[in-house]
Amino acid sequence: MPLKITLRPREQMIIDGAVVRNAGLTANLLIENDVPILREKDILTEKDIQTPCQELYFIIQLMYIDEENLNTYYQCYWKLIKKLVAAAPSIVGRVDQINELILARKYYQALKLANQLIDFEEEVVQNVRKSVANV
């Protein structure tokens, strides 16, 4: 079943590794086959990475859109996972779910869970800031 995507003017997306930008008015696309697709709102650029969980998301994103370099991304991923779990053991359950998806090569679903992990990370940081401010 084709996937229908509507792109607003100047909106970009990645389709099977190619960056596509709508140069005109609203555009409707039909993607007829199964290829990696990321909408602009789901794309994280390297310069935007500010936290370890964002770095994790970025690595998974690369796995999803650049299958030719999976071995490199896997090595980076597992190194980062070890560091994250050592620094924050409370995320083990969440990371295990992402790991299962990575091993099953379900990168898009792993991205969604990694995005939730970014939200959790932000929540933890905010709680720490509040605690420090109240001391």
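The values are calculated or read from the model by the stated rules, or taken from the named source; none is laboratory data. Predicted, not measured: the structure shown is a model, and the values here were computed from it. Here Cβ is always computed from backbone atoms with ideal geometry, including for glycine, and neighbour counts include all displayed protein chains. Just the protein is used for accessible areas: all its heavy atoms, side chains included, with ligands, DNA and RNA removed. Shrake-Rupley method; radii C 1.70, N 1.55, O 1.52, S 1.80 Å.
For the chain, a Kirkwood radius taken over Cα pairs fed into Stokes-Einstein (25 °C, viscosity 0.890 mPa s) yields D = 149 µm²/s.
Across the options Tyr64, Met13, Leu44, the greatest Cα extent toward the positive end of the charge dipole of the range 2-87 (unit charges at beta carbon of Lys, Arg, Asp, Glu) belongs to Leu44. Between Lys83, Lys106, Lys47, the residue with the greatest mean-square fluctuation in the GNM of the chain (Cα pairs under 10 Å linked by springs) is Lys47.
Relative to the dominant Cα principal axis of the chain, helix 70-87 is inclined by about 30°. How many angstrom separate the Cα center of the range 2-20 from the Cα center of the range 91-128? Centre-to-centre (Cα) distance: 25 Å. On the accessible surface of the chain, probed at 1.4 Å, how many percent belong to carbon and sulfur atoms? Percent of accessible area from carbon and sulfur atoms in the chain: 52. Take the chain with all the other protein chains still there, run a 1.4 Å probe, and you get 66 Å² of accessible area per residue. Full extension of the chain between Ala23 and Lys112 yields a length gain of 29.2 nm, computed as 0.36 nm times the residue separation minus the alpha carbon distance. Within the listed set Pro89, Pro52, Pro36, the residue fluctuating most in the Gaussian network model of the chain (springs between alpha-carbon atoms under 10 angstrom) is Pro89. Calculated [222 nm] ellipticity per residue, helices only, for the chain: -18000 deg cm²/dmol; basis is -39500 (n - 2.57) per DSSP H run with n ≥ 4, divided by all residues, nearest 500. Would you please classify the overall shape of the range 41-116 from the alpha carbon gyration tensor, given that a ≥ b ≥ c denote the square roots of the eigenvalues, rounded means a/c under 1.5, and beyond that prolate means a/b larger than b/c while oblate covers the rest? Note, shape of the range 41-116 comes out rounded.
Treat every Asp and Glu Cβ in the chain as -1 and every Lys and Arg Cβ as +1, leave all other atoms uncharged, and give the resulting dipole magnitude about the Cα centre to the nearest 20 debye.
320 debye
Axis angle, to the nearest 10 degrees, between helix 107-133 and the longest C-alpha principal axis of the chain: 40 degrees.
Would you mind telling me which residue in Asp34, Asp96, Asp66 has the biggest mean-square fluctuation in a Gaussian network model of the chain, where springs connect alpha carbons within a distance under 10 angstrom? Most flexible of the set in this elastic network: Asp34.
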